[in-house]
Every structure is written in C-alpha cells, then in structure tokens.
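To start, the structure itself, in structure tokens.
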Amino acid sequence: MEKTGSSNSLLLETLDDLGEDDLKRFKHKLKRIQLEKGYQAIPWGRLEKGDPVDVTDLLIRHYGERYGVEVAVQVLREIKHRALAERLTEAISADLLRRKQNSDTPQAPELGEKGDFNPEQESETQRHPEPEERDISQERRRATQGVLEKLNLEQYRSRQLRLRDLQEINPESIKNWALITLGDLPWHFLRKVMALNGTARSTRPVHGASDDQESNEVQKAHVDYNNLSLSNMDSSNSLHSLDVLCAVLLCSDSFLQQEILSKMSMCQFALPLLLPALDTPKCTLMLWAMRDIVRKWRPHSLAESRGFREESLVLTAMPTISFVRLGSCSFSKSKLLNEVLSPSEQHHDFFIHRDMESGNIPREIADGLVEISWYFPAGKENSDLFPEPVAVTNLRGDIESHWLQFSFLTEVSSAVFIVTESINERQYTLLSSLQGSATKYYFIFNCKIEKPEETLQFLYKLESVLKLDKLSVLMRENTLNHVQFVEKLQLTIGSLMESSLKRASVADTAATARELGIWVDEDSEECQSASKRVAGITAEIKDVAKYKREMLRLPGSLCKKLAKAEKELF
C-alpha cells in the first residue's frame, strides 16, 4: 500500500482553494466522471455533504493515491480550473521525484505515465476485475442506510412492511397526506400507487415558504449566474424516484412487493426487473413480484375475429429489446424509450427520465437497477407500433460499472442497443468479450461523436467481433429531427421482430440469473411455501368454467340476469 501523506495534503490544499460554489461543481462533476474499469462512483449520499477534507478522504480511500489524484485533476479540468489542475499535477510529480530520490524502494509512476502499478495493493475498496462479483462494499451499505434514514424506514429492515399495513383503516390512513418531508415519501408513493394515481412517482416535497421567502430564493437563483443550474438543484430536500422505489421494495415483504408491482403495471410504469445489490452481495431478479400480473392484448392474427389473448405476464414468451449506456451520454436514453413505446398522439412516461419532475436528482442507490416495460398491440394495423408484444429493458447506469447486469441482459435479450458517444480502447476490450454471443447488437451515436477517428477505428474492429452491419449503427444526425429519429428506431425494432428472434418469458430468465449468481426472489422459503399451496389448489382445476360454476355460485346466472336488468334500466 502506498503512503498517502504527501499526496493527501497536496490534494486537500488544492480542494481548499476552491470556493464553496466551485466545490459543489467539483462534486457534481465527480459524480458523473467516466472512471476506469473496475472503479465505482463514490456514493452521492456521502459525497454531497462532504467538505474538502471529506472529499479528499473519499477520493484516496476509493481510488488510491495515484488514481485518486488523476481523477481530481480530470475533474478540475472539466470544471475549467486548469491552473489548479496543472499545479496539482506538478506538485505531485515533484513529490514523487523527491520520495524516489530519498528511498530505494520502488515508487509509483508519475501521473499519466505507464508503469507496473498494482492497484490491488492499495486498499480493500480498490478495483477488481469484476466489481459486481465481490461481496457488497461498505460504501454501498452506507449509501443504502443513508437513504433509509432519510425516509425513516430503518425500523422496517427488521420488521418488513406488509400489505395489511397499507390496508389498515385508522386515523392516519384516512387523512389527506401532504408530501412535506423526506419521511413522507414512502407513504406518499405507496398510497398513490395503490390508488392508481399517476403522480405516485413525484418526490418533490411541498414547502410552506412565504411569498417573500420564495421571491428571495428566486432572486438568489438569478444572482449566481455562474452556477445557476446548481443553485436550482436542491437535491438535499428530495430524492430520486427510483431511490425511493428501491428503498420501499427493500423494506417490503414478498406479498407487498407483488401488490406494488401489480399496481405499477396498471399505471403503466416501468417495473424493476433486477433490483440492485442494496444489502445482498448480488442483485435480485423480481420474478415472484410479477407473478400476479395478467395482460390482455389482440395480436394482428386475431384482428378480424375480434378475439384476444390473456396470459400471465411472466409466462408470455416474447422478444426482449435491451437499452444500455456506455460511457457518458448527452441525451436521455429513458426519454427516448418513452417516445419509442408511445404512439404519436398518446405519449406516456413509462420510464423516469431527467426532464421529469425530480428526474435530474442524482441517484444514490438506484444505479444498477434494470427496469422493464412492455408494448402490447390492440389489433389495429394502422396504429399499432408493433404487430406482437415486445419487452423493453433499461439499465440505469454505465455498463462498465454494472457488468453483471449487462451480462444478464446480453444472455436473455433478442437485441441490445448500446447508447454511447465514443468508444475507447478499454471499452473496445470489454465489448470484444461478447464475441460469439447469439444476441444482435446495435449502436446509437449522438450526432457529435467524441474523438471520431478513435471511435470509428474501434467500431470497425467490432464489426467482425459482434457481426455488425450498416443497419447496426444508428446516428442521431443533424439532418433528422427528433421525431424522424424515433420513427427510424421504431422501424429498426419492427424489422427485428419480423426476423426469427430469440423469444423468452420473464420466468425463462430465472435459469440464466441463477447461472450468473443473481438471486431470484422466488427462491426464498416464503415464496416456495406459497407456490406449493397455489399448486395444490390449481391442481384440482381441470375445467375452469365448471370450477367457477361449482365454487363461485353467486356470480353465475343470477348475476347475469341482474346485470341484464340493470342494463335495460339505464
């Protein structure tokens, strides 16, 4: 392990020279900086409130002395503090040279140089070849604990929330809840989603500020022109909707999870397919939580007969199209998916995106979440986007930081769309490991590619590795407006579905999850016991219509006659 005294002091001295507003910009940029493979972002819950001493400590402990300084230099350059960046680089280089002259032991290479540097020797939180393969880190636990404390959910880790807790009628349950504090967020979400209220995902508390206070806040926001966007982002008073969802699911028992996902499906919200590793070593496949969901649709083959299909959502085999992000991206992938899945005159926000209310708040624990949504045709060839059902998944965060989830998606998906703005050598090496995969891969580039020569060079190399063709690269060109690009993407997916794509149900993916070491919620003792009881009941049902007549006598002919009479009356 390297000595951290001198570099620590030099880094602290540099951060101390940043003003309060510049330190905020530094932390926000550090949250989004592109890291080398194997390193993970510092949890925002700890970074957000840190002073220069805390930020220095977090950088050294997460990334080690050498790489921690490199990250700091890169962030300083990104926020236009090039003088400070150069000063830190020169000071560190001089310090390393001085230490090398005073000691015969091998020293770490200077910044930017190649050397025999072994990061595994730096600390227990350093990089590993597969970060998701190791046990859950203390930082992840602290971030989760921090979110639970903000939401006042700590007590429900030992005694989980149950469905009866929401169904109970008492003075608290019948009052009109106002979203005032962060502690109100879980109950606001649960009560709204149970009532099928489309605003359930809103996480902005209502503050009782006076008109004078509000006007003063507006004036302050307009004075600081250099940090206008940051001054308007009061993330300490709210949480990202996906953080709230992850925390609520973590504190709920399996039956309440079923009810939550069932209601979210009715609201046409995207559902969590893989819950990130919050207090478990690996992420969790939410199979049991979706078991109750049944969907009805009319495929084009039944359009003339006006028939329809009604099946369990997790048992319906269909193509799965996955969307992931590689590196940074200037446009919203989730917003693009909403437009792809929405008819032109019926827009719906299936996935939360940065332009929604509270959607731009940095995520604290939801990175690594994989969401899933579906499109079901109505039997109208002129207006249906796709002729048959299709599942669309969305990985939150960069694939380099969440390689396990990405590996799962490459195994279960019919096609994977990789949204990126550049490809470097490290990313090329990662993608090359997918050689031989039966899944079809597509790349979506922004109109302005970063480092176009390097990106095109590695893209050319990937052609043979991933079997790419001209149609596998989609460019958001300046000549196309956004609507035309969405239509182009819809046509690409539609042509994919016409080919012999791999089709799988959510239940089918459980085998792949277990092979990769992903925990399946249905494997718990509680769910296994419930499954056996359900199987015992349904085994007796041979003829559904006959079973209903015998066991559910009241909704029979008498009910039909009553309904007919009431229909005539009205």
Q. Structure shown: which of 150/296; 31/296; 29/448; 24/192 lie over 32 Å apart, alpha-carbon to alpha-carbon?
A. 150/296; 31/296; 24/192
Q | Per residue solvent-accessible surface (Å²) - the stretch 267-326, probe of 1.4 Å | A | 38 Å²
Q. Can you give the convex hull volume of the alpha carbon atoms of the stretch 235-363 per residue, in Å³?
A. 159 Å³
Q) What is the spin-label model distance, in nm, from residue 315 to residue 524 if the labels are put 7 Å beyond Cα along the C-beta direction? A) 2.3 nm
Q) In the full protein assembly as shown, how much of residue 245 is accessible to a 1.4 Å probe, in Å² to the nearest 10? A) 10 Å²
(Q) Which order do you get for 533, 291 if you rank them by accessible area with a 1.4 Å probe, largest at the top? (A) 533, 291
Q: Would you work out if the stretch 1-83 is rounded, prolate or oblate? Take a ≥ b ≥ c from the square roots of the eigenvalues of the alpha-carbon gyration tensor; rounded if a/c is under 1.5, else prolate when a/b is larger than b/c, oblate otherwise.
A: rounded
(Q) Ordering 561, 470, 461 by accessible area with a probe of 1.4 Å, largest first, what comes out? (A) 470, 561, 461
Q) With labels modelled as points extended 7 Å from the Cα through the Cβ direction, what inter-label distance (nm, one decimal) is found for residue 461 paired with residue 195? A) 5.7 nm
(Q) At 7 Å along Cα-to-Cβ for each site, give me the label-to-label distance between residue 425 and residue 74 in nm. (A) 1.5 nm
(Q) Defining a contact as two alpha carbons under 8 Å apart and six or more residues distant in sequence, what relative contact order in percent does the stretch 244-359 show? (A) 18 percent
Q: Hey, can you grab everything whose amide H is under 5 Å from the amide H of residue 284? Only 5+ residues off in sequence or another chain; H modelled, so Pro and N-termini drop out.
A: 275
Q) Of the heavy-atom accessible surface of the stretch 344-472 (probe 1.4 angstrom), what whole percent is carbon and sulfur? A) 46 percent
Q: May I ask you to evaluate 6.51 cos²θ - 1.76 cosθ + 1.60, the Karplus curve with θ = phi - 60°, for each residue of the stretch 240-257 and list the ³J(HN,Hα) values in order in whole Hz, giving x for glycine and proline?
A: 5, 4, 6, 5, 5, 4, 4, 5, 5, 5, 5, 9, 10, 6, 5, 6, 5, 4
**Q.** Accessible area of the stretch 5-98 belonging to carbon and sulfur atoms, whole % at 1.4 Å probe
**A.** 47 percent
Q) With the other protein chains left in place, how much accessible area per residue, in square angstrom, belongs to the stretch 507-570 at a 1.4 angstrom probe? A) 84 Å²
(Q) Students sometimes get this wrong: rank 473, 73 by accessible area, probe 1.4 Å, all chains present, largest first. (A) 473, 73
**Q.** Computed accessible area, residue 519, all protein chains, 1.4 angstrom probe, square angstrom
**A.** 120 Å²
Q: With θ set to phi - 60°, apply the Karplus curve 6.51 cos²θ - 1.76 cosθ + 1.60 along the stretch 143-150 and write out the HN-Hα couplings as whole Hz, x wherever there is a Gly or Pro.
A: 4, 5, 4, x, 5, 4, 5, 4
(Q) Keeping all protein chains in the complex and leaving out DNA, RNA and ligands, what accessible area do you get for residue 49 with a 1.4 Å probe, in Å² to the nearest 10? (A) 150 Å²
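The values are calculated or read from the model by the stated rules, or taken from the named source; none is laboratory data. Keep in mind that this is a model prediction, so the values were computed, not measured. With ideal geometry, Cβ positions are generated from the backbone for all residues, glycine too; neighbour counts draw on all protein chains shown. With ligands, DNA and RNA removed, areas are computed over all heavy atoms of the protein, side chains included. Shrake-Rupley method; radii C 1.70, N 1.55, O 1.52, S 1.80 Å.
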